[in-house]
1. For segment 130-151, what are the residues that are under 23 Å from the mean Cα position of the chain (by Cα) and closer than 30 Å to GLN219 by Cα?
2. Only one residue in LEU388, LEU422 is open to solvent by less than 60 Å² (accessible area, probe 1.4 Å) and within 24 Å of the chain's Cα centre (by Cα), so which one is that?
3. State whether one or more residues within segment 637-649 are out of contact with any Leu (no Cβ under 9 Å at 6 or more places or on another chain) and more than 24 Å from PRO112 (Cβ to Cβ).
4. Just to be sure I understand, how many residues within segment 506-528 are in contact (Cβ under 8 Å) with a residue 24 or more places away in the chain and open to solvent by 50 Å² or more (accessible area, probe 1.4 Å)?
5. Can you tell me which residues in segment 284-317 are touching a residue at least 12 places away in the same chain (Cβ under 8 Å), surrounded by fewer than 20 Cβ atoms within 10 Å (Cβ to Cβ) and part of a helix (DSSP H, G or I)?
6. If a residue must be under 12 Å from HIS570 (Cβ atoms) and among the acidic types (Asp, Glu), how many such residues does segment 584-604 contain?
7. Of all residues in segment 591-613, count the ones that are open to solvent by 30 Å² or more (accessible area, probe 1.4 Å), assigned to a loop (DSSP other than H, G, I, E, B) and of a type outside the set (A, V, I, L, M, F, W, C).
Amino acid sequence: MKNTRGFKQLSAVLACSSMSLVMVGCGSSNDNSAAVPAPTNIGPVAKTYYDGSGDGLLGGFGLSGLQTPPASFYTDPNNPAKTELRSQAISANYRALVDSSDAGGFGRLYGPMDNTVYPGHEYLAFVGEGINRSTVMVQIPDNFNPNKACIVAAPSSGSRGVYGAIGTSGAWAVEHGCAAAYTDANKGTGAVDLTQGIGYGLQLNPIAIASAQEELSFQVPTQEALAKPSAEYGGVTPPSAAELADYVANNPHRYAYKHAHSQKNIEKDWGKETLEAIRFAFAQLNEQYPDAKLNSDNTLVIAASVSNGGGASLRAAEQDAHGLIDAVVVSEPNINPQQASAPFSIVMGNRAPVSEHSKAAYEYFALAELYAPCAALAPDNTGALFALTSIAPQRCDALVSAGMIPASSDYATLGTYAKDALNSAGFLPESDKLLVGYAGINLFQSLLATYGPAYTRSSVVDNLCNISMSAVDGVTPTANTSAATLAATSNGIPRTANIFLIKNDSPDGPQLQIATRSTNGLFDYNFEGAQCWYDLYSNSDNPLHGRLMQGIDEVRGTGDLRGLPTIIVHGRADALIPVNHSSRPYYALNQQVEGDKSQLRYYEVTNSQHLDVLNQLYATAGMNYVPIDYYFKQAMDLMWSHLTTGAELPHSQVVAATAPNGSLAQTDLPPIGDASAQPISYTGGVLTIPE
């Protein structure tokens, strides 16, 4: 048996006594050497100790500081200190992923209950190959015990920087004495202000590119910048330096972003980057505790995160040839399941079976961008927060003109047609009001303007679908006066901070996409842009269709989790990563691939959605949800108990959470494993989801 120390030995004994010998630690197919490979081409490591007197691994904020952040983090925002940028980034990322309000239960029912500050060491570095590399970070709290060593791999959610999982799995790790191994998965807040010539460094600091003395988190690929041709670019040739200069001259004040414009389709490597973060954590732990000789035998490793970080964690488990990972816990994962070997349907209560599941995220983003603005006029969506009902009639008219919904003189009917199209595409009715609100805040436009260039490996110079990114003065592009602090406040996917999406071919000149006319002169929320994004996917004659489909194929999940104990938690009302195209079909795929070997549990939570941070705003419109982060943290506790004591994981089930009436109460939150929980099952080509 591999495991020789502490609680990992216990978990291995328990697992081997009840599971087949393909399990890690049971001395069979995953019984690789305990030696942990070094990170790939690691750069200089920035090392800092936070003693807890005024700062800590979680920013030193505690409950009160998270609920009421300082009015400003900067003495001089034009010349920010690296410590100030770090504090801003931790606060912004933590608060972006959780509902930190007392009404939402934060500090009462879950999360930090006091102002405890966690001292410890923090290590940052770039790893990987090429001109644009991923950022990795490990936080080692002072209460880390090398005799009971544990690591939580925490890849960032969304397109966030390396602190992007700090409020979810990072906080859980530090609070439990585990090292937290973070990565931005080569997305991050890497940006370039093309006109001002500003990029950003390892510690979020602004850098004048022309005189850069340290590595940039992102630079726009050009033929001249590449030391040698790289397979990472998928056969696509980056622009020349002259072509980039021409674009900058003709499009002042624009930005390039790492996720959108690296031309690497970085999503295909999110799992690999998560494994690199684990390797980096082992390297720093063994430097700090050389006598412990920590390795994959004596260190418990959980890959855990949410959204894009959840997808990265699942992909890391699928790709973990060295047996580094012992378990996986994810919430609302952005996972694109590959085609199953045998067809199956999803049956939920008495609703019509769903056979058109497992759509690529790009496809359902594009469908939502087309139909959701018009669906705001459906009577069922009345009162939806953020819905742009003023623009909705023009979008409905555009859909009718394009033959995408039937004609009617009644806009309520047209809105219902659009809503029905979304439900037919696999979005659950529980998410309808959220969908139209997301359209109103540009969310799907932002996703397409990032994932479209990423999957097609397009450069910023390519001006895909005539969309660019810039700060604005009113509605027109302008110089960004907050460029110095952008990397600390950006979520990496414009619209973000004060960077917005610009429609370059507006009849009135480049203008804010949401507020300008299409080339036909209509204020229809840039319907032609929505058509352009969808045409990339649906039209095989589109010159970029093949590249898009290749990019999507590269990110598909296999469903093979190597028999690892795994928990997926997902809110049923999720309108961003709908369950019918992500967690539900991934669970069924895993059952086909692993069969009796599978240790995957799927917990679907009613009355819960993707963005907890909006819960209190939704409540003002009578849209009430429980925090999915509450159940993610509970799932982490369940997995910890399973690994360290052998406690059984509850069976896959629907968790019947209750929409809160006022402040969240414990009675709204039945536990995972409640005796009355209805089981989820897969058998005979049918995934059964109870109502």
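1. Hits for segment 130-151 are ASN132, ARG133, SER134, THR135, VAL136, MET137, VAL138, GLN139.
2. Answer to the selection: LEU422.
3. Yes - at least one qualifying residue is present in segment 637-649.
4. Qualifying residue count, segment 506-528: 3.
5. Passing the criteria: only GLN288.
6. The qualifying residues number 1.
7. Qualifying residue count, segment 591-613: 1.
Condition check ((1) farther than 28 Å from THR237 by Cα; (2) at pLDDT 95 or above; (3) surrounded by 24 or more Cβ atoms within 10 Å (Cβ to Cβ)) across all residues:
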residue: LEU447; (1), (2), (3): no, yes, no
residue: TYR451; (1), (2), (3): no, yes, yes
residue: SER458; (1), (2), (3): no, yes, no
residue: ASN463; (1), (2), (3): no, yes, no
residue: ASN466; (1), (2), (3): no, yes, no
residue: MET469; (1), (2), (3): no, yes, yes
residue: ASP473; (1), (2), (3): yes, yes, no
residue: SER482; (1), (2), (3): yes, yes, no
residue: ALA488; (1), (2), (3): yes, yes, yes
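The values are calculated or read from the model by the stated rules, or taken from the named source; none is laboratory data. All figures in this text were calculated on a predicted structure; none of them were measured in a lab. Because the Cβ atoms are built from the backbone with ideal geometry, glycine has one as well, and the counts that use them run over all protein chains shown. All accessible areas refer to the heavy atoms of the entire protein, side chains included, with ligands and DNA or RNA removed. Shrake-Rupley method; radii C 1.70, N 1.55, O 1.52, S 1.80 Å.
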